[in-house]
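Novice: First, the structure itself, so that you have it in front of you.
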Amino acid sequence: MDDEQQRPDHGPLAGFTVGVTAARRADELGALLQRRGAAVLHAPAIRIVPLADDSELLAATKQLIDQAPDVVVATTAIGFRGWVEAADGWGLGEALLERLRAVELLARGPKVKGAVRAAGLTEEWSPASESMAEVLDRLLEEGVDGRRIALQLHGEPLPGFVEALRAGGAEVVGVPVYRWLPPEDLGPVDRLLDAAVSRGVDAVTFTSAPAAASLLSRAEERGLLPELLAALGHDVLPACVGPVTAVPLQAHGVDTVQPERFRLGPLVQLLCQELPARARALPVAGHRLEIRGHAVLIDGELRTVPPAGMSLLRALSRRPGWVVSRAELLRALPGTGRDEHAVETAMARLRTSLGAPKLIQTVVKRGYRLALDPATDAKYTDG
């Protein structure tokens with residue numbers, strides 16, 4: 001019962017803002033994040049061409065029905081299901097399934113295996129790791145010289161995969177199950193970019209490589225790419241669902257975090273560990289002050305702080321215990337005002353938000369300082 005009473009009424013992501021670039025399953029990811037307390041900024045960075053409207057898929061499907069491949073590699077569950085459904089819509093469903101029953105069918109991972117079996121087919125092999133590298137190793141060990149291999153593409157880059165097969169003598173036929181295009185409405189993407197470069201988000205999640213590439217491309221179009229890369233390199237955590245998704249970011253020198261299991265749930269759990277660990281926690285005026293993206297925890301109690309107040313608090317926390325001048329705090333405030341009275345107004349609101357006015361001390365004619373506890377003062381103020 002005591003544990004129940006002591007448990008905080010906020011989630012591990014309370015006080016943090018997370019950007020979501022996903023087009024597919026964005027609602028599911030957003031709900032998982034919000035359930036854990038995060039504020040979510042949704043900006044689908046891509047859109048998907050409907051399968052039934054895609055002439056490239058129709059042409060590839062007819063080609064495979066007319067000329068049988070030796071191997072078909074199914075890479076995503078949604079893609080495989082969509083392929084079969086699209087073929088049904090074109091009146092080619094039975095012909096496609098009949099063709100797939102007669103070839104060596106490889107499924108990348110358990111979810112794809114489930115989609116294959118739901119279609120009444122049986123895969124010949126599936127790696128436990130969900131790794132395309134393991135699929136490639138198996139194919140190369142079997143020998144691919146002279147073999148015709150159909151690869152269900154899924155919008156993700158497959159670095160080296162197709163090249164390695166062709167180098168081994170295979171003919172590779174791409175099956176473009178769905179294609180990614182930039183979003184029709186760039187407004188949300190631009191708002192996410194603005195928030196990222198101004199540090200208005202604490203993390204950005206990526207669940208597909210095309211979404212990562214699209215966000216980077218839009219930043220470049222707007223002349224914001226250097227600022228975005230700087231933000232992702234330091235203050236804004238880039239979280240990818242897996243290593244393939246991270247490829248466009250890594251190509252720009254951005255290090256990402258990824259869960260061990262490439263799923264939305266583990267991705268959210270990773271954020272629940274990483275973001276609180278990055279928050280600044282200080283012993284101030286007998287309290288534990290933890291500074292998060294748009295809120296603070298005081299002795300574990302969540303308090304929302306206005307943006308101007310957060311700017312002041314961050315400026316003070318960069319040198320805890322030291323006096324920060326009004327002029328310096330004015331520069332930290334959003335906007336370009338010159339009236340130091342704005343600092344006093346924002347400081348009054350900040351103290352009200354914190355509910356513990358003694359956390360921040362006024363030093364007459366000099367400025368303000370965080371009232372760092374004496375026992376720890378030397379640790380933060382020396383050097």
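The values are calculated or read from the model by the stated rules, or taken from the named source; none is laboratory data. All values reported here derive from a predicted model rather than from experimental measurement. All Cβ positions, even for glycine, are placed from backbone atoms using ideal geometry, and neighbour counts span all protein chains on display. In case anyone asks, the SASA skips ligands and DNA or RNA and just uses the protein heavy atoms, side chains included. Shrake-Rupley method; radii C 1.70, N 1.55, O 1.52, S 1.80 Å.
Novice: Identify all residues within segment 270-310 that are touching a Leu at 6+ places or on another chain (Cβ under 9 Å) and either under 25 Å from ARG25 (Cβ atoms) or in a loop (DSSP other than H, G, I, E, B) (or both); write none if there are none.
Specialist: Within segment 270-310, LEU271, CYS272, GLU274, LEU275, PRO276, ALA279, ALA285, ARG292, GLY293, ASP299, VAL305, PRO306 qualify.
Novice: Can you confirm whether GLU290 is surrounded by fewer than 20 Cβ atoms within 10 Å (Cβ to Cβ), over 28 Å from LEU32 (Cα atoms) and not aromatic (Phe, Trp, Tyr)?
Specialist: no
Novice: Right, another one. Does SER311 count as surrounded by fewer than 17 Cβ atoms within 10 Å (Cβ to Cβ) and either closer than 28 Å to ALA203 by Cβ or out of contact with any helix residue (DSSP H, G or I) (no Cβ under 6 Å at 6 or more places or on another chain) (or both)?
Specialist: Against the criterion (surrounded by fewer than 17 Cβ atoms within 10 Å (Cβ to Cβ) and either closer than 28 Å to ALA203 by Cβ or out of contact with any helix residue (DSSP H, G or I) (no Cβ under 6 Å at 6 or more places or on another chain) (or both)), SER311 does not qualify.
Novice: Assess whether ARG179 counts as being over 22 Å from ALA39 (Cα atoms) and open to solvent by less than 30 Å² (accessible area, probe 1.4 Å).
Specialist: no
Novice: For segment 323-358, enumerate the residues that are open to solvent by less than 40 Å² (accessible area, probe 1.4 Å) and either in contact (Cβ under 8 Å) with a residue 60 or more places away in the chain or in contact with a Leu (Cβ under 9 Å, 6 or more places away or on another chain) (or both).
Specialist: Across segment 323-358, the qualifying residues are VAL324, LEU329, ALA332, LEU333, VAL343, ALA346, MET347, LEU350, LEU354, ALA356.
Novice: Would you call ARG166 open to solvent by 60 Å² or more (accessible area, probe 1.4 Å), among the basic types (Lys, Arg) and farther than 18 Å from ALA60 by Cα? Can you show your working first?
Specialist: On the way: open to solvent by 60 Å² or more (accessible area, probe 1.4 Å): yes; among the basic types (Lys, Arg): yes; farther than 18 Å from ALA60 by Cα: yes.
Against the criterion (open to solvent by 60 Å² or more (accessible area, probe 1.4 Å), among the basic types (Lys, Arg) and farther than 18 Å from ALA60 by Cα), ARG166 qualifies.
Novice: Then there's this: What about ALA95, is it over 20 Å from LEU153 (Cβ atoms) and out of contact with any strand residue (DSSP E or B) (no Cβ under 7 Å at 6 or more places or on another chain)? If you could, list the steps in order and put the result at the bottom.
Specialist: Details: over 20 Å from LEU153 (Cβ atoms): yes; out of contact with any strand residue (DSSP E or B) (no Cβ under 7 Å at 6 or more places or on another chain): yes.
Criteria met by ALA95.
Novice: Something else: Could you check how many residues of segment 44-96 are at positive phi and β-branched (Val, Ile, Thr)?
Specialist: Total satisfying the criteria: 0.
Novice: Would you please name the residue that is modelled with the highest pLDDT, looking only at residues in segment 233-266 that are of a type in the set (A, V, I, L, M, F, W, C), in a helix (DSSP H, G or I) and open to solvent by 10 Å² or more (accessible area, probe 1.4 Å)? Talk me through it step by step, then tell me what you get.
Specialist: The first filter runs over segment 233-266 and keeps only residues of a type in the set (A, V, I, L, M, F, W, C), leaving 236-237, 239-241, 244, 246-247, 249, 251, 254, 257, 262, 264.
If we keep only those that are in a helix (DSSP H, G or I) too, we end up with 244, 246-247, 249, 264.
Next cut, open to solvent by 10 Å² or more (accessible area, probe 1.4 Å) only: 244, 247, 264.
Numbers: VAL244: 77, VAL247: 86, LEU264: 91.
It comes out as LEU264.
Novice: Follow-up question, since we're still on this one. Name every residue in segment 192-216 that is touching an Asp or Glu at 6+ places or on another chain (Cβ under 6 Å), modelled with pLDDT under 95 and hydrophobic (A, V, I, L, M, F, W, C), in order of residue number.
Specialist: If the condition is that a residue be touching an Asp or Glu at 6+ places or on another chain (Cβ under 6 Å), modelled with pLDDT under 95 and hydrophobic (A, V, I, L, M, F, W, C), then ALA209 is the only one that fits.
Novice: Looking at this structure, is ALA59 more than 30 Å from ARG263 (Cβ to Cβ) and more than 36 Å from the chain's Cα centre (by Cα)?
Specialist: Answer is no for this residue.
Novice: Now a separate question. Filter segment 267-287 down to residues that are within 27 Å of the chain's Cα centre (by Cα) and open to solvent by 30 Å² or more (accessible area, probe 1.4 Å), then give me how many there are.
Specialist: 8
Novice: Read through the list (1) more than 20 Å from VAL173 (Cβ to Cβ); (2) open to solvent by 40 Å² or more (accessible area, probe 1.4 Å), then give the number of the only condition that ARG108 fails.
Specialist: It is condition (1) that ARG108 fails.
Novice: In segment 1-87, which helices (runs of 4 or more DSSP H) lie fully inside it and hold 3 or more residues that are surrounded by fewer than 22 Cβ atoms within 10 Å (Cβ to Cβ) and at pLDDT 90 or above? Working first, answer last.
Specialist: Details: elements: 2-6, 26-35, 55-66.
Counting at least 3 such residues, we get 26-35, 55-66.
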